[in-house]
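Taking it in order: structure first as structure tokens, then the write-up.
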Amino acid sequence: MIRSRYLVVFAALNGAMAVMTGAFAAHGAGPAVKTLLTTGAHYQLVHAVLALVCAVWPARDRLVGAAGWLAATGGLVFATALSLIALGGLSVMGVIAPVGGLLMILGWILLAIAGSRSQTPGI
């Protein structure tokens, strides 16, 4: 019962990227960039999982789909911004990271709204 194959693919690729970034942070990154990469990978992975949950949510609700896309996109934007700061020295990306954070927060809020008005038994 997949709501959106595209969301599943996007979330899965986000998850893969998060694992790769986390592995690099743990095994190949210097101490100066390790924290930024680890933080980005953590948030990206959590929000990839949230997007997958939204993709298989039993109720057909546009808010749930939007929540999934916001979460996955926000995780990608946030993690990419932190990676570019850490690896590329692009401190200007510090103004982009909060955009990703805002998208992630909005994803959670939309999911909360959708969950509070769900008509699906058992949810």
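Some observations on this one:
- Only listed residue being buried (at least 23 other Cβ atoms within 10 Å of the Cβ) and at pLDDT 95 or above, chosen from Ala67, Ala55: Ala67
- Residue ID - surrounded by the most Cβ atoms within 10 Å (Cβ to Cβ), chosen from residues in the stretch 6-27 that are free of Cβ contacts under 8 Å to residues at least 40 places away in the same chain and not small (Gly, Ala, Ser): Phe24
- Qualifying residues in the stretch 1-38 (those that are among the β-branched types (Val, Ile, Thr) and more than 24 Å from Val56 (Cβ to Cβ)) - the one farthest from the chain's Cα centre (by Cα): Val33
- Residues located in the stretch 53-83, provided they are hydrophobic (A, V, I, L, M, F, W, C) and not in a helix (DSSP H, G or I): Val56, Trp57, Ala59
- Any pair with Cβ under 8 angstrom, 6 or more apart, that starts in the stretch 28-52 at a residue that is in a helix (DSSP H, G or I) and ends at one that is of a type in the set (Ser, Thr, Tyr): Leu36/Ser83; Leu37/Thr21; Leu37/Ser83; Gly40/Thr21; Gly40/Thr80; Gly40/Ser83; Ala41/Thr21; Gln44/Thr21
- Breaking point among (1) small (Gly, Ala, Ser); (2) closer than 23 Å to Met20 by Cα; (3) surrounded by fewer than 21 Cβ atoms within 10 Å (Cβ to Cβ), for Gly115: (2)
Matching residues to (1) surrounded by fewer than 23 Cβ atoms within 10 Å (Cβ to Cβ); (2) over 10 Å from the mean Cα position of the chain (by Cα); (3) on the phi > 0 side of the Ramachandran plot; (4) not polar (S, T, N, Q):
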site: Arg62; (1), (2), (3), (4): yes, yes, no, yes
site: Leu87; (1), (2), (3), (4): yes, yes, no, yes
site: Ser91; (1), (2), (3), (4): yes, yes, no, no
site: Gly100; (1), (2), (3), (4): no, no, no, yes
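- Per the listing Gly89, Gly22, the residue uniquely at pLDDT below 95, among the small types (Gly, Ala, Ser) and either over 16 Å from Trp108 (Cα atoms) or in contact with a Phe, Trp or Tyr (Cβ under 9 Å, 6 or more places away or on another chain) (or both) is Gly89.
- Any hit, the stretch 70-77, residues being without any contact (Cβ under 8 Å) to a residue 24 or more places away in the chain, polar (S, T, N, Q) and at negative phi: no
- In the stretch 1-20, the residues that are in a helix (DSSP H, G or I) and basic (Lys, Arg): Arg5
- Cross-chain or 6+ apart pairs with Cβ under 7 Å, the stretch 91-115 first and in contact (Cβ under 8 Å) with a residue 24 or more places away in the chain and over 15 Å from Ala51 (Cβ atoms), then outside any loop (DSSP other than H, G, I, E, B) and of a type in the set (Phe, Trp, Tyr): Gly101/Phe78
The values are calculated or read from the model by the stated rules, or taken from the named source; none is laboratory data. Predicted model, so just to flag it, every value in this text is computed and none were measured. With ideal geometry, Cβ positions are generated from the backbone for all residues, glycine too; neighbour counts draw on all protein chains shown.
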